[in-house]
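Peer 1: What follows is a structure written as structure tokens; I'll ask about it next.
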Amino acid sequence: MKTVGILGGGQLARMMILAGAPLGLRFRIYDPSPEACAGQLAPLVNGQFDDLAALQAFAGSVDVITFDFENVPAASVAALSALRPVFPNAGALAVAQDRLSEKRLFQALGIALPAFADIDSLATLQARVAEFGMPCILKTRRLGYDGKGQFRIRSQADIGAAWQALGAQVDAVGLILEGFVDFDCELSVVAARNAAGQFVAWPVTRNWHVDGVLSASLAPCGLPAAVQERAVAHARAVAEHLDYVGVFALELFHCDGALLVNEMAPRVHNSGHWTGDGAQTSQFANHLRAGLGLPLGDTAVLGVACMLNWLGQMPEAAPVLAQAAGFWHDYGKQPRAGRKVGHANFRTDDAPAMARALQQVGQALGREAQVAPLLDALSVA
Ligand code: AMP
């Protein structure tokens, strides 16, 4: 029986543990926080991600290592890789940790993306804003997530304000300026690759963000097959280039038939949570299969699937559980403003049945605004 070590003990680790049980796997979690919610399901070792001695001791207690948190320092990952197989590999992780290196990779692979520039000073920022036009977005290159570490520049006055907000971090995490994309919709490809080179992707997912944080996802996305095939081809090119093993997500903007890549996440991804109940094989199961050298499972969507994220605190469960289509996921976290505390998945045979279920749940929970974009998309599906 193999033991999988997971660096980071949040909801992603928790869902990997749930998916790993039928594979006969055991898990150990490494996280700085004694409260890490995956610790409710598997032994939790507390340690910092730069504590090499503690990480090495952890490696000694597991057979293979993966992540639910991609910002483990590269030196720690290199030290772990010398002791145990680590998936995804350290090189892939290093590229995905840095917005600039991932964008350079997309560019080298011929994948279209928004205008971007490395920013090292206020003067460079001013020059590049003049070049890109406004609006544009200043982002930290490393350690940003869920819209954190970002500043939208809409006016001349915002340039100084953006530098004020993020300029102090330029040496520590780097900064990048991006042209603003006036997208029709946001998409993601969640895909998996194993060491034998088998590559699979779930149907392209459509995503809605509120304040930079994922609010809802829907699959299939309803865009023409050719667009979806292009998106998946981009994901495949990235995975093959990085010799990637495991699940990852490629986030894209769709504008007028064109696809622009935003970023990649080197791990199971929030926009793939629907696969837990709405696909033949979940992203969590395929991530583990990939890392253990097992065949990857079928990624077909079982009809129509969607996900609603719960942020801050869990709503009432009963209206979701009362739906034949509904699946409830409570991460066992303490409520905190903006924190991802759970999600609900829904699966139906067709779009009208999904619309009915979402309408009822939206009303019962007072979440009409959250389900509205899904209802819109389903009505034209
Ligand atoms: P990110 O952390 O890069 O995934 O950004 C979070 C969210 O902010 C995205 O999902 C988009 O909704 C929005 N966003 C990020 N970058 C851009 C961009 N260049 N143009 C338009 N919207 C963006």
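The values are calculated or read from the model by the stated rules, or taken from the named source; none is laboratory data. Because the structure is a prediction, the values reported are computed rather than measured. Cβ atoms come from the backbone with ideal geometry, glycine included; neighbour counts cover every protein chain shown. For accessibility, only protein heavy atoms count, side chains too; no ligands or nucleic acids. Shrake-Rupley method; radii C 1.70, N 1.55, O 1.52, S 1.80 Å.
Peer 1: Tell me, please, whether a residue that is under 24 Å from the mean Cα position of the chain (by Cα), farther than 19 Å from R267 by Cβ and assigned to a strand (DSSP E or B) can be found in segment 91-103.
Peer 2: no
Peer 1: Then there's this: Go through segment 138-172 and give me each residue that's buried (at least 20 other Cβ atoms within 10 Å of the Cβ), in a strand (DSSP E or B) and touching a Lys or Arg at 6+ places or on another chain (Cβ under 7 Å).
Peer 2: Hit for segment 138-172 is K139, nothing else.
Peer 1: Pairs, please: C-beta under 6 Å, at least 6 apart or cross-chain, first residue open to solvent by 40 Å² or more (accessible area, probe 1.4 Å) and in segment 209-224, second away from the ligand (no atom under 15 Å from the Cβ)?
Peer 2: Cβ pairs passing all conditions: P220/P203; P220/V301; G222/A381.
Peer 1: Within segment 239-349, considering only helices (runs of 4 or more DSSP H) that don't extend past its boundaries, which have at least 1 residues that are open to solvent by less than 20 Å² (accessible area, probe 1.4 Å) and either within 16 Å of the ligand (Cβ to nearest atom) or hydroxyl-bearing (S, T, Y) (or both)?
Peer 2: Numbers: elements: 275-278, 283-291, 318-321.
Result: 275-278.
Peer 1: Which condition does R141 not pass, out of (1) within 25 Å of the chain's Cα centre (by Cα); (2) more than 15 Å from the ligand (Cβ to nearest atom), if it passes all the others?
Peer 2: Against the list (1) within 25 Å of the chain's Cα centre (by Cα); (2) more than 15 Å from the ligand (Cβ to nearest atom), R141 comes up short only on (2).
Peer 1: Within 30 Å of V341 (Cα to Cα) and among the hydrophobic types (A, V, I, L, M, F, W, C): does that describe V227? It would help to see each step written out before you state the result.
Peer 2: Numbers: within 30 Å of V341 (Cα to Cα): no; among the hydrophobic types (A, V, I, L, M, F, W, C): yes.
Considered against the rule, which asks whether it is within 30 Å of V341 (Cα to Cα) and among the hydrophobic types (A, V, I, L, M, F, W, C), V227 comes out as no.
Peer 1: If you check every pair at least six apart or on different chains, which have Cβ atoms under 7 Å apart with a residue in segment 173-191 that is open to solvent by less than 10 Å² (accessible area, probe 1.4 Å) and outside any strand (DSSP E or B) first and a residue that is within 10 Å of the ligand (Cβ to nearest atom) and of a type outside the set (K, R) second?
Peer 2: G174/T140
Peer 1: So which strands (runs of 3 or more DSSP E) stay within segment 5-75 end to end and still have 1 or more residues that are basic (K, R) and closer than 28 Å to D98 by Cα? Steps first, answer last, please.
Peer 2: Numbers: elements: 26-31, 44-46, 64-67.
Ranges flagged: 26-31.
Peer 1: Please state which one of A191, A195 is under 17 Å from the mean Cα position of the chain (by Cα) and closer than 30 Å to P295 by Cα. It would help to see each step written out before you state the result.
Peer 2: Working: A195 fails: under 17 Å from the mean Cα position of the chain (by Cα).
Exactly one residue qualifies, and that residue is A191.
Peer 1: Also: Identify, by number, the condition in (1) within 21 Å of E102 (Cα to Cα); (2) within 15 Å of the ligand (Cβ to nearest atom); (3) touching a residue at least 60 places away in the same chain (Cβ under 8 Å) that F132 doesn't meet.
Peer 2: All conditions are met except number (3).
Peer 1: Of the residues F67, F58, F49, which single one is in contact (Cβ under 8 Å) with a residue 12 or more places away in the chain, more than 22 Å from G144 (Cα to Cα), away from the ligand (no atom under 16 Å from the Cβ) and aromatic (F, W, Y)? Working first, answer last.
Peer 2: On the way: F67 fails: more than 22 Å from G144 (Cα to Cα); F49 fails: more than 22 Å from G144 (Cα to Cα).
Within the list F67, F58, F49, the selection yields F58.
Peer 1: Follow-up. Here are L122, L113: which of them is of a type in the set (A, V, I, L, M, F, W, C), within 14 Å of the ligand (Cβ to nearest atom), out of contact with any Cys (no Cβ under 9 Å at 6 or more places or on another chain) and open to solvent by 20 Å² or more (accessible area, probe 1.4 Å)?
Peer 2: On the way: L122 fails: within 14 Å of the ligand (Cβ to nearest atom).
Matching residue, one of L122, L113: L113.
Peer 1: Within segment 209-224, take every residue that is away from the ligand (no atom under 16 Å from the Cβ) and in contact with a helix residue (DSSP H, G or I) (Cβ under 9 Å, 6 or more places away or on another chain) and give me the one that is nearest to H343 (Cα to Cα).
Peer 2: We begin by selecting, within segment 209-224, every residue away from the ligand (no atom under 16 Å from the Cβ); these are 219-220, 222-224.
Pick out the ones that are also in contact with a helix residue (DSSP H, G or I) (Cβ under 9 Å, 6 or more places away or on another chain) and you get 219-220, 222-223.
Details: A219: 16, P220: 18, G222: 22, L223: 25 Å.
Only one residue tops the list, namely A219.
Peer 1: Now for a separate question. Report yes if some residue within segment 149-169 is under 20 Å from the mean Cα position of the chain (by Cα), of a type outside the set (S, T, Y) and either within 16 Å of the ligand (Cβ to nearest atom) or within 17 Å of A117 (Cβ to Cβ) (or both); otherwise report no.
Peer 2: Here is the first cut: in segment 149-169, the ones under 20 Å from the mean Cα position of the chain (by Cα) are 149-150.
Add one more test, that the residue is of a type outside the set (S, T, Y), and what stays is 149-150.
Then keep just the ones that are either within 16 Å of the ligand (Cβ to nearest atom) or within 17 Å of A117 (Cβ to Cβ) (or both); that gives 149-150.
Scanning segment 149-169 turns up at least one residue that is under 20 Å from the mean Cα position of the chain (by Cα), of a type outside the set (S, T, Y) and either within 16 Å of the ligand (Cβ to nearest atom) or within 17 Å of A117 (Cβ to Cβ) (or both).
Peer 1: All but one of (1) within 20 Å of G147 (Cα to Cα); (2) open to solvent by 10 Å² or more (accessible area, probe 1.4 Å); (3) in contact (Cβ under 8 Å) with a residue 40 or more places away in the chain; (4) not in a loop (DSSP other than H, G, I, E, B) hold for V200; which doesn't?
Peer 2: (1)
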